[in-house]
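The values are calculated or read from the model by the stated rules, or taken from the named source; none is laboratory data. Computed from a prediction, not measured in an experiment: that's the story for all the values here. So basically every Cβ, Gly included, is an ideal-geometry build from the backbone, and we count neighbours across all protein chains shown. Just so you know, the surface numbers come from the protein's heavy atoms only, side chains and all, with ligands and any DNA or RNA stripped out. Shrake-Rupley method; radii C 1.70, N 1.55, O 1.52, S 1.80 Å.
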Amino acid sequence: MSQSVPYSASQQDLYYPAKSLDSFPAQRPKTDAELCAWMCLLSYCDQYPDFAFDQARIKQKLAPLGFQPLGFFESQGHERNGGTHCFIALHDDAVKENKLAVVAFRGTDKDDPTDVIDDVEAELVPWTGTAKVFKGWKDAFEEVRQDLLPVVQKIDCRLLITGHSLRAALATVLATLKAPDALYTIGSPRVGDHDFVASLRGVKNFRYVDCCDIVTTLPPALLGYAHLGDSCYIDRNRNVSENPSDDFVSADRLRARADYLLQYAWKSGNVGVRDLADHAPINYVTAIAASQT
C-alpha cells in the first residue's frame, strides 16, 4: 500500500465518519471530485444519538469553503429522526458561471433501523418509463422528494449531485429527475436495471469504487441490476484508474485482502475485513484528493 496516501482501518472512520472533522479542509478543494467526497463525509454530521443533521456544525464547516446551506432535507416521523438525509450547499457568486450547488446524500447509519429496512428491500419496482429501481431506495427517496425536488428544480447554476454508500443510490435516483452537470457517487451499489441505467445516458458520471468495498458489488447483477457507467477504481496502492479490466480488479482485490489481514485486521479498534474497511468515506476522500493533484 502506498505510504503517501493515508488509509484508515479504524472502526470509528467506518461507523461514525463525522465524529472527528479535524481533517476537513479549511479552503475549497480544487476539483469537483474531491469537493463531493468531502461533502459526502460532512453529510454524516449529526446530533448523536439523534440522527438529525447538526446544522450549526455543517454550516461552520462549509463557510471557509465559500458555501452556505441552501436547505436540509430529512425524513419526518421516524424515531430519533432516522431515515433519509441530504443537504444542498450553495457557493454563490456575482458571476453566474462561478455559482455552484451541491446536493449531498448521507449514507447508511448503522444505528438507524429505518436505513436497514430500506437497504434490504431488494425488489425491482417501476420508476420512470420502463426503468426499474431498487424498492428500498425508491421508498427512501420518496421520504424527502416532496420538499427536495422543487428546490433542486429551481437551481439555475452549475449543479453537482453526490452521495456515499447506499444513499449514493438516492443521488443517482435524483439525477433521473434533474440532470446535474455531474454525478459523483462514492461507494455506490447497483441502483436499478439496465433501463434505469439507460435513462441516465448523457449524464456525466463518476462512480468511485474503493478496491474491496463490498457495497459496490451489491445487489448482484444476476438479479437484473446494472451499474451506471465505468468505474473510477481505487486499487490496493491507493491509485485511481478508469475502468480497469476484470482480471486486474480480481487480482488486486485478492492481494489487498491478504495484505489487510497481515497489517490491520488483528489490531484492536480496526475493522476485521478489508471489504468493509474500504467503504469508509475518509478512504475515498484521501485517494480521490491524491488523484487530483
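Filter segment 7-20 down to the residues that are crowded, with 16+ Cβ neighbours inside 10 Å, assigned to a loop (DSSP other than H, G, I, E, B) and either over 17 Å from the mean Cα position of the chain (by Cα) or at pLDDT below 90 (or both) and list them by number.
The answer is Tyr7, Ser8, Ala9.
Give segment 227-268 a look and list any residue that's touching a helix residue (DSSP H, G or I) at 6+ places or on another chain (Cβ under 6 Å), within 23 Å of Tyr15 (Cβ to Cβ) and not in a helix (DSSP H, G or I), or say none.
The initial filter retains those residues of segment 227-268 that are touching a helix residue (DSSP H, G or I) at 6+ places or on another chain (Cβ under 6 Å), namely 228, 234-236, 238, 240, 256-257, 260.
Those left that are additionally within 23 Å of Tyr15 (Cβ to Cβ): 234, 236, 238, 256-257, 260.
Ile234, Arg236, Arg238 - these are the residues of segment 227-268 that are touching a helix residue (DSSP H, G or I) at 6+ places or on another chain (Cβ under 6 Å), within 23 Å of Tyr15 (Cβ to Cβ) and not in a helix (DSSP H, G or I).
So which residues in segment 120-176 are in a loop (DSSP other than H, G, I, E, B) and out of contact with any Ser or Thr (no Cβ under 8 Å at 6 or more places or on another chain), if there are any at all?
Answer for segment 120-176, where residues must be in a loop (DSSP other than H, G, I, E, B) and out of contact with any Ser or Thr (no Cβ under 8 Å at 6 or more places or on another chain): Glu121, Ala122, Glu123, Thr130, Ile155, Asp156, Cys157.
Could you please find all residues in segment 21-44 being open to solvent by 50 Å² or more (accessible area, probe 1.4 Å), more than 14 Å from Ala290 (Cβ to Cβ) and of a type in the set (D, E, K, R)?
Asp22, Arg28
Could you list all residues from segment 213-223 that are open to solvent by 50 Å² or more (accessible area, probe 1.4 Å) and either in contact (Cβ under 8 Å) with a residue 40 or more places away in the chain or farther than 19 Å from His279 by Cα (or both)?
Taking segment 213-223 as the starting set, the residues that turn out to be open to solvent by 50 Å² or more (accessible area, probe 1.4 Å) are 214, 217-218, 220-223.
Those that are open to solvent by 50 Å² or more (accessible area, probe 1.4 Å) and either in contact (Cβ under 8 Å) with a residue 40 or more places away in the chain or farther than 19 Å from His279 by Cα (or both): Ile214, Ala221, Leu222, Leu223.
Of everything in segment 21-44, what is in a loop (DSSP other than H, G, I, E, B) and touching a Lys or Arg at 6+ places or on another chain (Cβ under 8 Å)? Give them in sequence order.
Scanning segment 21-44 gives Leu21, Phe24, Ser43, Tyr44.
Tell me the residue from Ala280, Ala226, Ala287 that is within 22 Å of Ala169 (Cα to Cα), touching a Ser or Thr at 6+ places or on another chain (Cβ under 8 Å) and open to solvent by less than 20 Å² (accessible area, probe 1.4 Å), please.
Result: Ala280 is the single residue among Ala280, Ala226, Ala287 that is within 22 Å of Ala169 (Cα to Cα), touching a Ser or Thr at 6+ places or on another chain (Cβ under 8 Å) and open to solvent by less than 20 Å² (accessible area, probe 1.4 Å).
Could you check Ser199 against (1) hydroxyl-bearing (Ser, Thr, Tyr); (2) open to solvent by 20 Å² or more (accessible area, probe 1.4 Å); (3) closer than 23 Å to Leu70 by Cβ and say which number it fails?
The failed condition is (3).
If you go through segment 125-173, how many residues are within 17 Å of Gly187 (Cα to Cα) and touching a strand residue (DSSP E or B) at 6+ places or on another chain (Cβ under 8 Å)?
Here is the first cut: in segment 125-173, the residues within 17 Å of Gly187 (Cα to Cα) are 134, 137, 160-173.
With the extra rule that they be touching a strand residue (DSSP E or B) at 6+ places or on another chain (Cβ under 8 Å), the set shrinks to 134, 160-165, 167-173.
Residues meeting the conditions: 14.
Mind listing just one residue for me: the one in segment 202-212 that is without any contact (Cβ under 8 Å) to a residue 60 or more places away in the chain and not aliphatic (A, V, I, L, M) and, of those, surrounded by the fewest Cβ atoms within 10 Å (Cβ to Cβ)? Give the derivation first.
Of all residues in segment 202-212, those without any contact (Cβ under 8 Å) to a residue 60 or more places away in the chain come to 202-205, 207, 209.
Going one step further and asking which of them are not aliphatic (A, V, I, L, M), we end up with 202, 204-205, 207.
Numbers: Gly202: 7, Lys204: 15, Asn205: 20, Arg207: 21.
Filtering segment 202-212 for residues that are without any contact (Cβ under 8 Å) to a residue 60 or more places away in the chain and not aliphatic (A, V, I, L, M), the one surrounded by the fewest Cβ atoms within 10 Å (Cβ to Cβ) comes out as Gly202.
Taking Phe53, is it open to solvent by 20 Å² or more (accessible area, probe 1.4 Å), under 22 Å from Ile161 (Cβ atoms), of a type outside the set (Asp, Glu) and in contact with a Cys (Cβ under 9 Å, 6 or more places away or on another chain)? Write out each step before concluding.
Numbers: open to solvent by 20 Å² or more (accessible area, probe 1.4 Å): no; under 22 Å from Ile161 (Cβ atoms): yes; of a type outside the set (Asp, Glu): yes; in contact with a Cys (Cβ under 9 Å, 6 or more places away or on another chain): yes.
Answer is no for this residue.
Hey, can you tell me all the residues within segment 147-176 that are of a type in the set (D, E, K, R) and buried (at least 23 other Cβ atoms within 10 Å of the Cβ)?
Initial filter on segment 147-176 (of a type in the set (D, E, K, R)): 147, 154, 156, 158, 167.
Arg167 - this is the single residue of segment 147-176 that is of a type in the set (D, E, K, R) and buried (at least 23 other Cβ atoms within 10 Å of the Cβ).
Can you pull out every residue in segment 183-222 that is of a type in the set (A, V, I, L, M, F, W, C), more than 17 Å from Lys132 (Cβ to Cβ) and outside any loop (DSSP other than H, G, I, E, B)?
Leu183, Ile186, Phe206, Val209, Ile214, Val215
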